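Asker: Have a look at the structure that comes next, please.
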């Protein structure tokens with residue numbers, strides 16, 4: 001098994017997307033890249049801790065390769081906005097890959113170069129590529145959020161479109177036992 005750590009806005013959104021991929025074993029919402037130990041949601045939301053909302057993904061590379069995770073990562077958020085995803089604004093919503101191996105670092109750099117060369121986005125990609133930092137799991141109420149609260153307006157307006165895009169663009173990568 002391997003681990004990937006991605007920050008790309010609200011961790012409820014990111015968790016819901018990656019939970020649905022074939023080869024993903026677990027997805028945990030949490031905080032990484034900040035200055036204090038064991039931050040709480042309220043502290044992270046203030047933007048003062050330096051942490052990003054992130055997910056820690058354990059995956060089977062025989063079923064889903066890291067480049068495939070990168071493809072989904074970049075397709076399901078806006079990597080061209082600094083410290084912002086939609087209405088979520090602040091450093092805690094930044095786009096960042098916290099690589100766990102040198103190979104992940106290289107693959108992420110190559111993928112961003114590909115996106116830039118092909119001009120996939122009209123603005124430059126601002127996603128940071130950073131070594132892994134300590135990862136602190138979010139409070140229990142943040143885990144499995146979309147699956148448990150999918151009828152809430154935030155989930156319907158913000159997360160549902162990402163799930164629909166995932167089903168449309170990545171149907172062949174979906175776990176058939178997931179939603």
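Asker: Scanning segment 160-179 for residues that are outside any loop (DSSP other than H, G, I, E, B) and in contact with a helix residue (DSSP H, G or I) (Cβ under 9 Å, 6 or more places away or on another chain), which turns out nearest to residue 61 (Cα to Cα)?
Answerer: Going through the qualifying residues, I end up with 173.
Asker: While we're looking at this one, here's another question. Quick check on residue 125: is it in contact with a helix residue (DSSP H, G or I) (Cβ under 6 Å, 6 or more places away or on another chain) and modelled with pLDDT of 95 or more?
Answerer: yes
Asker: If you don't mind, there's one more thing I want to ask. Do the conditions hold for residue 124, that is, is it over 27 Å from residue 41 (Cβ atoms) and surrounded by fewer than 14 Cβ atoms within 10 Å (Cβ to Cβ)?
Answerer: Details: over 27 Å from residue 41 (Cβ atoms): yes; surrounded by fewer than 14 Cβ atoms within 10 Å (Cβ to Cβ): yes.
In short, yes.
Asker: Are any residues in segment 74-83 under 13 Å from the mean Cα position of the chain (by Cα) and crowded, with 16+ Cβ neighbours inside 10 Å, and if so, which ones?
Answerer: 74, 76, 77, 78, 79, listed by residue number.
Asker: Being closer than 16 Å to residue 173 by Cα, over 16 Å from the mean Cα position of the chain (by Cα) and in contact (Cβ under 8 Å) with a residue 40 or more places away in the chain is the filter here; which residues of segment 49-73 pass it?
Answerer: Within segment 49-73, 60, 61, 63 qualify.
Asker: With respect to residue 101, is the statement that it is out of contact with any helix residue (DSSP H, G or I) (no Cβ under 7 Å at 6 or more places or on another chain), loosely packed, with under 15 Cβ neighbours inside 10 Å and within 27 Å of residue 151 (Cβ to Cβ) true?
Answerer: Criteria not met by residue 101.
Asker: Quickly run through segment 121-143 and pick out the residues that are closer than 21 Å to residue 72 by Cβ, out of contact with any strand residue (DSSP E or B) (no Cβ under 9 Å at 6 or more places or on another chain) and either assigned to a strand (DSSP E or B) or free of Cβ contacts under 8 Å to residues at least 24 places away in the same chain (or both).
Answerer: None - no residue of segment 121-143 is closer than 21 Å to residue 72 by Cβ, out of contact with any strand residue (DSSP E or B) (no Cβ under 9 Å at 6 or more places or on another chain) and either assigned to a strand (DSSP E or B) or free of Cβ contacts under 8 Å to residues at least 24 places away in the same chain (or both), so the list stays empty.
Asker: Please state which one of 157, 111, 146 is surrounded by fewer than 16 Cβ atoms within 10 Å (Cβ to Cβ) and part of a helix (DSSP H, G or I).
Answerer: On the way: 111 fails: surrounded by fewer than 16 Cβ atoms within 10 Å (Cβ to Cβ); 146 fails: surrounded by fewer than 16 Cβ atoms within 10 Å (Cβ to Cβ).
Among 157, 111, 146, only 157 is surrounded by fewer than 16 Cβ atoms within 10 Å (Cβ to Cβ) and part of a helix (DSSP H, G or I).
The values are calculated or read from the model by the stated rules, or taken from the named source; none is laboratory data. None of these values were measured; they are calculated from a predicted model. FYI the Cβ positions are ideal-geometry reconstructions off the backbone, even for glycines, and counts take in every protein chain you see.
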